[in-house]
Amino acid sequence: MSSTWLAATCWALLALPAPSYSQSLLSALNGKNSWQLGSYKLAIESEHLRISNDNDTIWSSGSSWPFISASVGDDIISSSDGAFNITNIDSDKCTGQNISSIDWAPRTNATLSSSVKIAGHLLNCGSESVPYLLTLWLPENLQNRVAFNIRVEDASSKLNRVFLTLPSTQDEGIYGLGAQASFGSLKNQTVPVFTREQGVGRGDEPVTSLQNEGGGFHGGNRFTTYTANPSYITTNGGFFYLSEESTGYSTFDFNDPNSVEIRYDSLSVEGAFGKGRDMFEAVERLTEYTGRMPALPKWVDNGAILGIQGGEEKVENIVQTGLNLSCPIAAVWLQDWEGTHTQPGPYVNISRGKSCTKGSILYSVLTSL
C-alpha cells in the first residue's frame, strides 16, 4: 500500500460528513454510556439513545432523528361562538440535532433528588442553530415512569414552538387525547388538543357544510371536542401525558407507523411517559397522575336524565307529563342557565329562553318519587 494512497484515503475520510451522533457523543462523554434512574437506565446503544426497564424499552430515539425539534410560525385561528378553526403554520423547522453533554443534576422532586440533563443544539433551523436542554428524572411519588422537561433557548426569539418524537410500532393502537368520538384508535391521524364547541356534523355531510356556510366553523370536524386532554395509552401498554403546567396548544401526529410527533406551542414543555404490562396497567399508571372519576351516585340509575331547554314553564310541563305517564325521571339537564340572549346561527338566530328560577319546585317534584 503506497503512502500516497493512504494519505489520500485519510483526507477523504476527513472530508466526509460528521459521523453519527453516538460516535461524537461517546468521545465527548469520555467513554461513559449509561446512567441509572432508579430501575430505569438511559444508555447509548447502536447509535441511538434508549431508556429501558429490565431490558424492556420504554423510549428510544431509534431512527427518529432529530427527536427534538423547533419551528417558527403564527397559527391561523378563526373563531365564532366558541367554535375555533386552527391551521398550523410551521417554517424553518430544525432538521438536525446533536448532543454535547449528558450529566447528573440535582432535582428536588425527583427520586434520589437527581436527574439526567442532556444538552446540545438543534441544527438547521432556517439559518441558525439553537441550544436545547432535555432533563429526565423519576418523580418522587410516581417512580413507575420517566418525567421529562424540554427547554429550547432561542436568543433571537424567532422560534416559538417545540417538537418531541416518541417511538411507536405499525400495529400499535393509540387511544386517548380526551373525548375523541370519530375514531377508535388514533393511529394514522393528526389530532389537535384544544377544547372548544364540538360542532354539528363534525365532518358528516351535508350537515357540516350547511353549518359552516357563511364562513363560520359551527359544523366542526372529526377532531373538534368539548373535552381535549394531552394524554394517551397504547395497546402495547405505553402511556404518555403532558404535565398540568404544560397547558399550551398541542398537536399529536400519529401518521408515521414507527413514531409519534408532538407539536407544542411553546419553547418549553414538561410531561412523562412509561409502560405497563398491558392497556389496563397503562390506564392505572396514567390515572395515578391525572386522577380517577369517582363512582356515579346511585340516583343516576333511577330514571331518565332529560335534556330540556326553553324556559321554566316548558321544562316543568315536560317533566310533569312524564311523571303522569309513570315515566321514571332521575334528573333534568338544563341548558337555559345562560339566561336570555340571541345566538347567531348560519341561517336563523337561536333564541335562548330564561333560566329556570324555581329550581326548588322542580327538585321537590323529582324527589317526591
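The values are calculated or read from the model by the stated rules, or taken from the named source; none is laboratory data. Keep in mind that this is a model prediction, so the values were computed, not measured. When we count neighbours, we look across all protein chains shown, and the Cβ atoms used for this are built from the backbone with ideal geometry, even at glycine.
Which residues, taken from segment 58-104, are among the acidic types (Asp, Glu) and at positive phi?
First, pick out the residues of segment 58-104 that are among the acidic types (Asp, Glu): 74-75, 81, 90, 92, 103.
Asp81, Asp92, listed by residue number.
Taking strands (runs of 3 or more DSSP E) that fall entirely within segment 54-101, which contain at least 2 residues that are surrounded by fewer than 13 Cβ atoms within 10 Å (Cβ to Cβ)?
76-80
Out of the residues in segment 171-195 meeting the condition of being in contact with a Leu (Cβ under 8 Å, 6 or more places away or on another chain) and assigned to a loop (DSSP other than H, G, I, E, B), tell me which one is nearest to Phe84 (Cα to Cα).
Gln180
Can you tell which of Leu186, Leu142 is touching a helix residue (DSSP H, G or I) at 6+ places or on another chain (Cβ under 8 Å) and assigned by TED's automatic domain parsing to the domain that holds Asn229?
Checking each option against the conditions leaves just Leu142.
Condition check: out of contact with any Phe, Trp or Tyr (no Cβ under 8 Å at 6 or more places or on another chain), more than 19 Å from Gly248 (Cβ to Cβ) and hydroxyl-bearing (Ser, Thr, Tyr). Does Thr169 satisfy that?
yes
Name the strands (runs of 3 or more DSSP E) wholly within segment 296-345 that hold at least 2 residues that are modelled with pLDDT under 85 and under 23 Å from Ala83 (Cα atoms)?
Because the criterion is at least 2 residues that are modelled with pLDDT under 85 and under 23 Å from Ala83 (Cα atoms), the strands (runs of 3 or more DSSP E) in segment 296-345 that meet it are 341-344.
Out of segment 123-144, which residues are free of Cβ contacts under 8 Å to residues at least 40 places away in the same chain, surrounded by 15 or more Cβ atoms within 10 Å (Cβ to Cβ) and farther than 19 Å from Asp90 by Cα?
If the condition is that a residue be free of Cβ contacts under 8 Å to residues at least 40 places away in the same chain, surrounded by 15 or more Cβ atoms within 10 Å (Cβ to Cβ) and farther than 19 Å from Asp90 by Cα, then Leu133, Thr135 are the ones that fit.
Please specify each residue of segment 136-164 satisfying the condition of being part of a strand (DSSP E or B) and more than 15 Å from Leu242 (Cβ to Cβ).
Within segment 136-164, Leu136, Trp137, Val152 meet the criteria.
Can you confirm whether Ala110 is crowded, with 19+ Cβ neighbours inside 10 Å and at pLDDT 95 or above?
no
Six or more apart or on different chains, Cβ under 6 Å: which pairs go from a residue in segment 169-182 that's touching a residue at least 24 places away in the same chain (Cβ under 8 Å) and farther than 11 Å from Val193 by Cα to one that's hydroxyl-bearing (Ser, Thr, Tyr) and in a strand (DSSP E or B)? Could you list them?
Listed by first residue and then by second, the contacts come to Glu172/Thr234; Ile174/Tyr232; Ile174/Thr234.
Yes or no, residue by residue, for (1) of a type in the set (D, E, K, R); (2) surrounded by fewer than 17 Cβ atoms within 10 Å (Cβ to Cβ):
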position: Arg196; (1), (2): yes, no
position: Glu205; (1), (2): yes, yes
position: Phe217; (1), (2): no, no
position: Asn255; (1), (2): no, yes
position: Val260; (1), (2): no, no
